[in-house]
Amino acid sequence: EPMLELTGITRVYNKGRPGEVSVLRGVDLRVAPGELVALVAPSGAGKSTLLHIAGLLDRPDAGRVCIDGRDTGALRDGARTRMRREQVGFVYQFHHLLPEFSALENIVLPQLANGVGQAEAARRAEDLLGRVGLSARAGHRPAALSGGEQQRVAFCRALANGPGLLLADEPTGNLDPDTAETVFDVMVAMARDTGLAGLVATHNPDLAARMDRVLRLEAGQLVAA
Ligand code: ADP
Ligand code: ADP
């Protein structure tokens, strides 16, 4: 059973108004547990729109989003939010870590919001930091970390609640090539380790080629690259 299944997704911005733009025109996609899919497309093609819809941050105008076998269209807002918090991890180009909190705390907080106890949340945060090689940085605030370290922490935060689905929007777009490669490899290794399904938008063809499949978003539809 796919972890993520998109069927006939369409999204039109400014529908019926000036500036109407049809960004997604029937997107079909299935991502299995443990499978990593790269999404490549030029800027403006609709990658963020697609990731937001897949991650339940936006709703399609038509089509179906199923996560872990559940049709999310039928869910009320509260259940949607719960499903997003439990099942979806997001990583963006910029880390969006909370500046006043340590790396560890940034990974603990989303767990507390999900009802996990402090001690267990801290244990999990330490485990995640260890897996990305940042145990020694647990007490540092984001500003004291390098760009690559910040993204690795952001990645740990995305995995804090043990989601089944990872959605990443240019996660290494802000890093120099060597650092990007290292961060990407850590991400792939961890996804493989935890059986995550992943959809990762990237401009970088070398990094995309490290994934199981590469898809291109072209004229509002997904095609094999
Ligand atoms: P990408 O992530 O590939 O750069 P986006 O999904 O951000 O693409 O945007 C796709 C297109 O939709 C762009 O032309 C963008 O300007 C437009 N767009 C995105 N969000 C909105 C919005 N909220 N309202 C109107 N147009 C939007
Ligand atoms: P990215 O592609 O890295 O996500 P963008 O600048 O394209 O960054 O989009 C940032 C936010 O602004 C997104 O939530 C997107 O939906 C929204 N957005 C993008 N283009 C437009 C637009 N033309 N009009 C309104 N909102 C937009």
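Quick notes
- Hey, Ile67 farther than 21 Å from Ala154 by Cα, more than 16 Å from ligand 2 (Cβ to nearest atom) and in contact (Cβ under 8 Å) with a residue 40 or more places away in the chain or not: yes
- Residue within segment 53-63 that is farther than 22 Å from Arg192 by Cβ and touching a His at 6+ places or on another chain (Cβ under 9 Å) present: yes
Table: residues versus (1) under 23 Å from Val188 (Cβ atoms); (2) of a type in the set (Lys, Arg); (3) over 18 Å from the mean Cα position of the chain (by Cα).
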| residue | (1), (2), (3) |
| --- | --- |
| Leu39 | yes, no, no |
| Gly44 | no, no, yes |
| Lys47 | yes, yes, no |
| Asp58 | no, no, no |
| Arg64 | no, yes, yes |
| Asp68 | yes, no, no |
| Arg76 | no, yes, yes |
| Glu100 | no, no, yes |
| Ala103 | yes, no, yes |
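- Among (1) more than 30 Å from Arg25 (Cα to Cα); (2) modelled with pLDDT under 90 - the single one Val188 does not satisfy: (1)
- Residue in segment 199-219 that is in a helix (DSSP H, G or I), more than 22 Å from His96 (Cα to Cα) and open to solvent by 70 Å² or more (accessible area, probe 1.4 Å) present: yes
- Residues within segment 176-191 that are surrounded by 14 or more Cβ atoms within 10 Å (Cβ to Cβ) and not aromatic (Phe, Trp, Tyr), tallied: 10
- Test: residue in segment 161-168 that is more than 17 Å from the chain's Cα centre (by Cα), open to solvent by 20 Å² or more (accessible area, probe 1.4 Å) and closer than 22 Å to Thr194 by Cβ: no
- Selected residue [touching a strand residue (DSSP E or B) at 6+ places or on another chain (Cβ under 8 Å) and at pLDDT below 95] from Pro60, Pro33: Pro33
- Subset of segment 144-160 that is part of a helix (DSSP H, G or I) and polar (S, T, N, Q) - its residue that is farthest from Leu4 (Cα to Cα): Gln150
- Counted residues, segment 161-175 - those being farther than 20 Å from Cys66 by Cβ and either assigned to a loop (DSSP other than H, G, I, E, B) or among the β-branched types (Val, Ile, Thr) (or both): 6
The values are calculated or read from the model by the stated rules, or taken from the named source; none is laboratory data. Since the model is a prediction, treat every value here as computed from it, not as a measurement. Methodologically, a virtual Cβ is constructed for each residue, glycine included, from the backbone with ideal geometry; neighbour enumeration extends over all protein chains shown. Only protein heavy atoms, including side chains, enter the accessible area calculation; ligands, DNA and RNA are left aside. Shrake-Rupley method; radii C 1.70, N 1.55, O 1.52, S 1.80 Å.
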